[in-house]
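No lab work stands behind these numbers, since they all come straight from the coordinates. Everything numeric here is computed off the predicted structure, so don't read it as measured data. FYI the Cβ positions are ideal-geometry reconstructions off the backbone, even for glycines, and counts take in every protein chain you see.
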Amino acid sequence: MDTAAALDDRALPRLPSLVALLALVVVGLATLLLHSPTSPLGADAPDDAFSAERAAAHIETISTEPRALGSPAHRAAREYLVGQLETLGWRTSVKSGVGWFSPPDGRTQRGARVHNIVALLPGTDPTGTVVLAAHYDSVRGSPGAGDDGIGIGTVLESARAITAGPAPRNDVMVLLTDGEEDGLLGSHMFTQTRSPSLGATVVLNHEARGNTGAPMTFRITDPNAALVEALSHAPGANADSFTQLGFELLPNDTDFTHFDTAGFHAYDTAIAGGSAFYHSPLDTPDRLNPESLQQMGETSLTVTRELADSDLTALDSGGEVIVTTVPWGLLHYPSWVEIALTGLFVVAVAWLVVTRIRRGEATYWSVATATGVSVATVGFTVFAAWLPWWIAMRLAPGMASPVTSEPSAPACINSLPSSQRWGC
Ligand SMILES: [Zn+2]
């Protein structure tokens, strides 16, 4: 037996495997390098740019204590925000009224008097209104620097940068909603009493379920093609059609729901890292990741500028697209492509199975076994990920966040440099 030839024979199939491994490593490295966080800009950044430091100053002012509906800090935050928008020269007012929450399970409706802050920058030749939205209330017991201080900082600093640039074609509105934490009350009141003068309306809603991580646009209204196109022009934007499905499984909700129901076009963007800090007394300004703030701000400012100068009545055309984030940006394609690719995939697998069985290279039994093992592997992987956490929770329940029951991340609590806190 020729040992060298036998070794060569065995070495040959390794080449495709090596190429595949190399390709995986290259894609992994590209993902890391191309998707590294945006560096926060200081207060000396150009006037028309988004600066995390300038945005953070607003968050520090309003997040010294919880801003629960009706509390003195809630009122103080409102007065501060109104003052800031008036200083920018926007037509600012406080719209008061009753907002209602109807529990989906048919329990008693509840309502409260809420005070939304609305500010308008009139456009030069408007086709509609671009709305920058966030909620300024917080839950009881949490200073809400992330939820929703990051949204407030993003909206105020974006509004300032827009004012510093050329006048937009469309009306641009700032909407700081009230009573979000008590059942989306402010956005309910806003949509119920909205003025017909809004015209075609697109809302950029900003949220947080933590205090760090890359902002993700996890919900977009249908038809989404034009909205996804505008979002894809923002460097650092993250979106994935799959997350919309995932969010529907969570008990959370946001003002986006009322904007969608009212027939507005809308984006829902949030950070979700550091969920141990969500609705917690530890959700303080010093713990909010400035890189997350910079990235959310830059993305929103880019999208707002583009929409503020486009024909908003055309947002309805363009149809449905599937979107996912790849290392170089957003990949988006019409829904029918996904259906066609799924069909092709099923046909290709069926062809492969039949051909191999006909050639005697496989049997029905071996194909069934391979399918069963593949499915079992997925199940086992989920189990293997869940089991250590289950054991850890039995040993030390304090490791979980009391609000989300997800793991706390001590790295976020330590005052590490922000560059090391990304993704914690
Ligand atoms: Zn919130």
The chain - percent relative contact order, Cα under 8 Å, separation 6 or more: 18
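Taking every DSSP beta bridge with both residues inside the chain, roughly what % is antiparallel (nearest 5)?
Working: 28 of 49 bridges.
About 55 percent, rounded to the nearest 5.
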For region 52-120 versus region 188-216, the gap between their alpha-carbon centres in whole angstrom: 13
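I'd like the trypsin sites (Lys or Arg not before Pro) in region 304-382 restricted to DSSP loop residues with at most 11 other Cβ atoms within 10 Å, sorted by number. It would help to have the intermediate numbers written out before the result.
Numbers: sites: Arg305, Arg356, Arg358, Arg359; in loops: Arg359.
Counting only loop positions with at most 11 other Cβ atoms within 10 Å, the trypsin sites (Lys or Arg not before Pro) in region 304-382 are Arg359.
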Computed [θ] at 222 nm, helices only, for the chain once each DSSP H run of length n ≥ 4 contributes -39500 (n - 2.57): -14000 deg cm²/dmol
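Hey, could you grab the Kirkwood Rh for region 246-390? Inverse mean 1/r over distinct alpha carbon pairs, Å, one decimal. Show your work: numbers first, answer last.
Details: mean 1/r = 0.0473 Å⁻¹.
For region 246-390, inverting the mean 1/r across all distinct Cα pairs yields 21.1 Å.
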For region 205-264, max minus min Cα coordinate along each principal axis, in Å, sorted largest first? 31, 31, 19
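Of all the Cα-Cα pairs you can form in the chain, what percent are over 34 Å apart?
Details: 34628 of 89676 pairs.
The calculated P(r) of the chain puts 39 percent of pairs beyond 34 Å.
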